[in-house]
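Nothing in this text is a laboratory measurement; each read-out follows from the coordinates by a stated rule. Because the structure is predicted, anything quoted here is derived from the model rather than measured. Cβ sites come from the backbone with ideal geometry, for glycine too, and all protein chains shown count toward neighbours.
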């Protein structure tokens with residue numbers, strides 16, 4: 001069971017506004033890492049480091065698999081960490097500088113030979129993945145330990161999403177121009193970037209990231225802690241708690257499918273703008289339109305999600321996203337930039353339910369604690385983070401395999417018509433299919449707003465009864481029996 005820490009309690013589980021605002025900053029900073037890697041690392045690999053698309057795809061897969069193995073182990077360590085800052089905040093605070101340094105190294109290519117280039121790219125990408133996991137997975141776990149209220153968790157993740165949306169909008173608008181502005185030669189402007197412009201731009205982004213994580217790390221408080229008995233739960237039991245949590249498995253599956261499409265699309269958008277549409281700076285129109293649509297769609301999310309239900313909101317969002325992507329695929333650039341920009345705005349608008357996914361994780365954690373008495377905040381978030389890592393790897397590799405299959409050549413000045421078709425498939429058709437497939441696991445989600453209110457009430461009774469039993473010297477099993485009896489009495 002969980003207990004309350006010494007952080008100030010708030011009425012009804014409410015989180016102070018100051019903490020909610022502070023919570024958004026790390027997401028703002030993390031997008032300077034995550035969105036930038038997702039959007040610009042593939043062009044850097046293929047067109048600056050001149051690594052073959054298939055080799056670049058393999059780097060993504062291997063690095064993310066290794067990173068995924070790290071996730072569950074680190075989640076277990078983090079949720080059992082004891083410090084003056086809590087369980088997760090230390091990793092947010094002290095992990096941020098490492099993330100910034102690794103970010104800069106990832107966008108360098110100091111060697112000439114193909115083997116050395118691949119080795120350097122692989123090592124630096126593994127390092128940034130590991131460092132980002134430590135800082136960002138700990139950050140993601142905070143919402144589940146800042147409050148016990150499901151509605152407040154939804155609000156926190158909505159605010160978090162707004163921080164990410166603002167950063168993404170800024171990045172998608174500014175980055176293409178920065179990459180062109182900092183090029184070493186006029187000839188590189190047609191390509192849209194070179195090694196010098198990548199190094200300067202990513203150094204700026206690494207420096208921006210650091211204070212954003214620190215504001216969150218020092219600005220929020222953890223209120224839910226593990227009892228000494230819960231800290232004794234073994235790693236094997238904790239992993240079992242994650243794997244056997246049916247609602248957490250649902251989150252893992254639909255996020256995996258949805259994000260394979262999204263991350264794959266983001267990874268080839270520069271190719272889509274430069275090669276398919278004919279101008280790399282068109283990214284500064286299409287991606288901000290998508291982001292503004294996302295922000296508009298999510299503006300009224302918290303009250304709608306609580307009223308209509310998270311499951312229904314997600315199904316509507318996924319179906320709408322797939323439909324718009326199909327429209328973009330078939331229309332292409334035939335109707336002009338204005339129509340294409342409007343469709344990208346509609347695609348962002350269709351993603352209105354994205355923040356719901358993260359708010360579902362602590363709901364699934366509470367559900368499993370109510371059933372078994374085992375709480376695994378960090379490991380559960382690690383499992384969901386694992387779906388994100390796998391989706392990033394599979395989506396990025398899949399799009400590279402697709403464009404590689406159609407004959408993409410990073411050294412070519414002009415791509416063939418076959419390559420254009422492959423880019424359109426990778427950017428639009430593949431993500432549409434994945435959005436439709438992601439609906440299937442969501443159909444099995446059963447934690448409604450009403451159900452979560454019942455679980456929260458039961459957990460409150462259980463935690464109080466078990467804490468009292470443990471204080472009187474009862475064993476863990478005896479305390480759990482007392483807690484179950486207390487719930488039965490409360491319901492009668």
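The value of relative contact order for the chain, using C-alpha pairs under 8 Å at least six residues apart, is 26 percent. Each of residue 444 and residue 66 was given a label point 7 Å from its Cα along the Cα-to-Cβ line. The distance between the two points is 3.3 nm. Per the Kirkwood formula applied to alpha carbons, segment 130-285 shows a radius of gyration over Rh ratio, Rg over Rh, of 1.07. Axis angle, to the nearest 10 degrees, between helix 430-442 and the longest C-alpha principal axis of the chain: 10 degrees.
Arrange the peptides 335-343, 201-209, 34-42, 162-170 so that the one whose residues have, on average, the most other Cβ atoms within 10 Å appears first. Please report the intermediate quantities before stating the final value.
Numbers: 335-343: 14.2, 201-209: 19.9, 34-42: 23.4, 162-170: 21.4.
Ranking the peptides 335-343, 201-209, 34-42, 162-170 by packing returns 34-42, 162-170, 201-209, 335-343.
A straight line joining the Cα centroids of segment 145-214 and segment 121-141 runs 16 Å. For the Cα atoms of the chain, what angle does the longest principal axis make with the long axis of helix 449-471, in degrees from 0 to 90, nearest 10? Once rounded, the angle reads 50 degrees.
Points 7 angstrom from Cα along the Cβ direction at residue 414 and residue 14: gap in nanometres? It works out to 6.5 nm between the two label points.
Just the number, please: Stokes-Einstein D of the chain in µm²/s, Kirkwood Rh from C-alpha pairs, 37 °C, 0.692 mPa s.
Numbers: Rh = 23.2 Å.
Diffusion coefficient, whole number: 142 µm²/s.
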